[in-house]
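Enquirer: Take this structure, written in structure tokens, and hold onto it; I'll ask about it next.
The values are calculated or read from the model by the stated rules, or taken from the named source; none is laboratory data. Treat the numbers as computed from the prediction; the structure is a model and nothing was measured. All Cβ positions, glycine included, derive from the backbone under ideal geometry; neighbour counts span all protein chains shown.
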């Protein structure tokens with residue numbers, strides 16, 4: 001009786017061993033095939049024509065060059081606007097927003113859209129200088145902000161704006177923006 005039980009147990013263990021061996025062999029073949037496909041595939045590199053030097057993204061942090069390019073593009077999107085493109089303008093900025101700051105940024109942008117919709121007021125920003133701090137994830141842009149009504153310039157002031165960023169995973173996202181106060185009191189948000 002014990003011999004029968006022992007024999008059944010040994011046969012069950014042999015079946016398990018054989019199944020594990022087949023599974024291991026199948027996974028080994030799949031690994032070899034996947035490795036071969038990965039080695040023979042063409043590499044794809046995304047080339048951006050406006051970037052003069054190669055950029056890399058790392059989980060260690062944001063490089064100063066990358067932060068500068070993202071700040072430049074964000075500043076130009078954020079500070080150049082006209083009544084005709086307000087919905088597109090707001091959607092582009094919200095697409096850059098950090099999920100944790102999305103609601104606050106959207107409230108600020110909706111207020112700007114409501115003020116400007118239906119008017120003839122257009123805003124243009126000419127970038128003059130920029131400072132970036134990758135360690136603090138902040139950047140500042142300085143330039144001339146021109147306000148037009150129709151084709152006539154009604155204001156042209158030199159202003160400085162600060163951008164706050166968040167970096168999670170490999171995504172740099174806009175956490176906030178504000179105008180840095182100058183000698184004369186002005187609206188803190190633009």
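Enquirer: Write out, first by first residue and then by second, each pair whose Cβ atoms fall under 7 Å of each other, whose residues are 6+ apart or on separate chains, and whose first residue, in the range 51-69, is without any contact (Cβ under 8 Å) to a residue 24 or more places away in the chain while the second is surrounded by 14 or more Cβ atoms within 10 Å (Cβ to Cβ) and assigned to a helix (DSSP H, G or I).
Expert: 51/69; 53/65; 55/65; 55/66
Condition check ((1) modelled with pLDDT under 95; (2) part of a helix (DSSP H, G or I)) across all residues:
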site: 92; (1), (2): yes, yes
site: 105; (1), (2): yes, yes
site: 109; (1), (2): yes, yes
site: 112; (1), (2): yes, yes
site: 118; (1), (2): yes, no
site: 142; (1), (2): no, no
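Enquirer: Please work out which one of (1) modelled with pLDDT under 90; (2) surrounded by fewer than 17 Cβ atoms within 10 Å (Cβ to Cβ) is the condition residue 190 fails and give its number.
Expert: Only one criterion in (1) modelled with pLDDT under 90; (2) surrounded by fewer than 17 Cβ atoms within 10 Å (Cβ to Cβ) is unmet by residue 190, namely (2).
Enquirer: In addition: With the requirement that a residue be out of contact with any strand residue (DSSP E or B) (no Cβ under 7 Å at 6 or more places or on another chain) and modelled with pLDDT of 85 or more, what does the range 37-65 give you?
Expert: Selection gives 63, 65.
Enquirer: What is the residue count in the range 134-162 for residues that are under 14 Å from residue 64 (Cβ atoms) and in contact with a strand residue (DSSP E or B) (Cβ under 7 Å, 6 or more places away or on another chain)? Explain how you work it out, then say what you get.
Expert: Restricting attention to the range 134-162, the residues satisfying the condition of being under 14 Å from residue 64 (Cβ atoms) are 134-140.
Add one more test, that the residue is in contact with a strand residue (DSSP E or B) (Cβ under 7 Å, 6 or more places away or on another chain), and what stays is 134, 137-140.
Of the residues in that region, 5 qualify.
Enquirer: Can you pull out every residue in the range 145-170 that is touching a residue at least 12 places away in the same chain (Cβ under 8 Å) and either part of a loop (DSSP other than H, G, I, E, B) or outside the structural domain of residue 132 (by TED's automatic domain parsing) (or both)?
Expert: 150, 169, 170
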